[in-house]
């Protein structure tokens, strides 16, 4: 599937076939391909929780407005970010870059993030947004449907998954086989959201 077709076909699927399995190989391809997504300073600060325990999925559903896709989708991924990833062996992010690039970027990485919690959080959310969109498009290419989700109690989910102190939850994505719940798309006309040069 080409990228344009994947974008056109992708929908936020609300109903999934609860009996559709996701093979280990499909899961591997989905996640390894998605991990090619770009990230701020290449720190790849996403930390993805693949929730496979049915009891945990049921508990998350209870704090997610009872949304069926939490338990019925073939996979549920919670997209989190490590807000301190920038200082965890930072040389590894640029290990394959030429020495002059490393010499320039590594001090900049520290300068950019140290003491700037809001910057770290903003960058994490941008990177998680890119990661999630890539995951949904790869899923579409693999013949799967997906649904990004932020309709849940973030604090309750953090407790359920034992979220580490310096991590933050971005959102969840359910992936599986959708069961006929598409309705016509509703998109604003381009004239509502596109401007040229100035607002």
**Asked** Any idea what angle helix 99-113 forms with the longest principal axis of the chain, computed on alpha-carbon atoms, 0 to 90 degrees, nearest 10?
**Response** 70 degrees
**Item:** Inter-probe distance in nm under a simple model that places probes 7 Å from Cα toward Cβ, at residue 199 and residue 111
**Value:** 3.0 nm
**Fill in**
Note: residue 96 to residue 5 extended length (0.36 nm per residue) minus current alpha-carbon separation gives 29.4 nm
**Request:** Can you tell me the order of 130-139, 92-101 when each peptide is scored by its average per-residue count of other Cβ atoms within 10 angstrom, highest first?
**Result:** 130-139, 92-101
**Request:** At 0.36 nm per residue, minus the direct Cα-Cα distance, what do residue 118 and residue 17 gain on full extension? Give it in nm, one decimal, please.
**Result:** 32.4 nm
**Complete:** If each part is reduced to its alpha-carbon centroid, region 108-142 and region 1-57 end up apart, in Å, by 16 Å
**Message:** Using a 7 Å offset from Cα along Cα-Cβ at residue 179, what residues in region 38-81 end up with backbone N under 14 Å from the label point?
**Reply:** 68-74
**Request:** Would you please state the base-10 log of I(q)/I(0) at q = 0.08, 0.11 1/Å for the chain, with intensities from the Debye formula using one equal scatterer on every alpha carbon?
**Result:** -0.32, -0.60
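Every number here is computed from the coordinates shown, using simple stated rules; none is lab data. Since the model is a prediction, treat every value here as computed from it, not as a measurement. So basically every Cβ, Gly included, is an ideal-geometry build from the backbone, and we count neighbours across all protein chains shown.
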